[in-house]
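For reference, the structure is listed below as structure tokens.
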């Protein structure tokens, strides 16, 4: 591991993709002629060291590009990397194919577990050289979407706001302020409607072509493979969505009816949904520096391991949290492999979302930090995407006893509103998933037809949503434009809903047996990517959400809490 001072002190050097062909050519020759397992193992470790540096520099460039999308140097570096990575993939895949053909596969399984080569095979099976130019164009298009949304400048309330900045007004106690902020938010997307629709239209067609090139009817099977899914299929996901429709949607309607009464309106409109309390939601009682300081106290009290982790993040300045002009409107955790270091990015806007970053993204970061120190290969640091969000969403629940640190006397309000939002989010999450299945099953749909499809899904999964007569763009189905994942990460979004089930299980465990809860959670983090989806759930003593009655069992404890509170 390289020595890390702070993120700012990492010297960026452009990844040398010209060396890739020569390196992998020599490495593959060594692998194919290896006479002992030790020689094969040496090839695996040498490949990880080489790819680690390329990945680290690419990550540094991407972080600095998202921090300031107007920085021309890092914009060009990002473009170069997005073009070069797909071109390097055939050489990387040749190494993977040589591994899969090795007579020492049994030895590899014995040392690193069977999941390592299963993941290698999945990666090889989901790659086709015909898709290289399509992947390059895909990167260009997603970068275009990100640049458009990052350029947002909305004059309001005496200032100029980007998308994250204007969102804080969605929970303003003054209904007219909420309504106007939502109108301006919609106007930004309506103004860019044509270009955003064209970008997504081209993305759908590119991805469809990728799927066809792989021998599939459409993109969906490839999309599932890109998400690392090996243990379940579209039918399982559809069964999960049906359970959400049956169990969670009716309860969400009940929550919003109670909310309407609580905030003094006849019916909750879309611009009312985020105002949970008439006098205003709980908001953090300090700035970003204060919140990080409180997070450090929380993590030190939570466990020895989380205390060590947060000190590492602060010492090495591995967070960029302030909202700034031209900063990409997103939040994420990523990894600097050379330094065994997570990095957390966000755009604080003075809402509960700021604290959620210090729990959600930090939950990802903690899991990565632990896996990096327990798994022998970098390939095993990252868990399947449908497991990853359990770490983050569970950490949000683990933070409930510490809410006073962040919200003072409004801590109990925060706990209620956060739990309500955790449940009411699920119907939206499954709507996003069904929307993606529809558009990739029907790649010839027009942008107008896609927005109509979204509007139908809102009526199905969010029947309480009312856009009134003053927001034609959102009413006809434009709301989905703001969701970056739909553009950047197809079929990822269902993970948030699947993993909400795991988080709710951990919430109940925390209340009934704190020691057992932490043991299972820490196991989940240590496992990293060394097990598949079902085996990881089993290791952490978590249920499978697709199974009949799985949704009801997972959320019943949280629903009981919310029912008691709204009755009171």
So for the chain: antiparallel DSSP bridges make up what percent, rounded to the nearest 5? 80
Quick check: Cα centre of the range 520-554 to Cα centre of the range 362-401, how many Å? 13
Neighbour-count ranking for 424, 352, 59, 36 (other C-beta within 10 angstrom, fewest to most) reads 36, 59, 424, 352
One finds the C-alpha centres of the range 273-297 and the range 1-69 to be spaced, in Å, by 40
Cα centroid distance between the range 416-494 and the range 207-270, in Å? 9
Just to verify a number: FRET efficiency for residue 194 and residue 513, C-beta to C-beta distance, R0 = 60 Å, to 0.05? 0.65
Order by neighbour count: 272, 266, 320, 109, fewest other Cβ atoms within 10 Å first, most last. 266, 109, 320, 272
Kirkwood Rh and Cα Rg combined as Rg/Rh, the range 7-132: 1.03
Using just the helices of the chain, give the 222 nm mean residue ellipticity in deg cm²/dmol: DSSP H runs with n ≥ 4 each add -39,500 (n - 2.57), and the total is spread over all residues, rounded to 500. -21500 deg cm²/dmol
Take the alpha carbon gyration tensor of the range 440-568, find the square roots of its eigenvalues, order them as a ≥ b ≥ c, and report rounded if a/c is under 1.5; if not, report prolate when a/b exceeds b/c, else oblate. oblate
Name the residues of the range 277-300 whose amide N is less than 15 Å from a point 7 angstrom out from the Cα of residue 315 along the C-beta direction? 300
Average projected area [Cα convex hull, the chain], square nanometres: 24.5
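Quick note: the coordinates plus some simple rules give every number you see, no bench work behind them. What you see is a predicted model; the values in this text were computed from it and never measured. We place every Cβ from the backbone using ideal geometry, glycine too, and count neighbours over all the protein chains shown.
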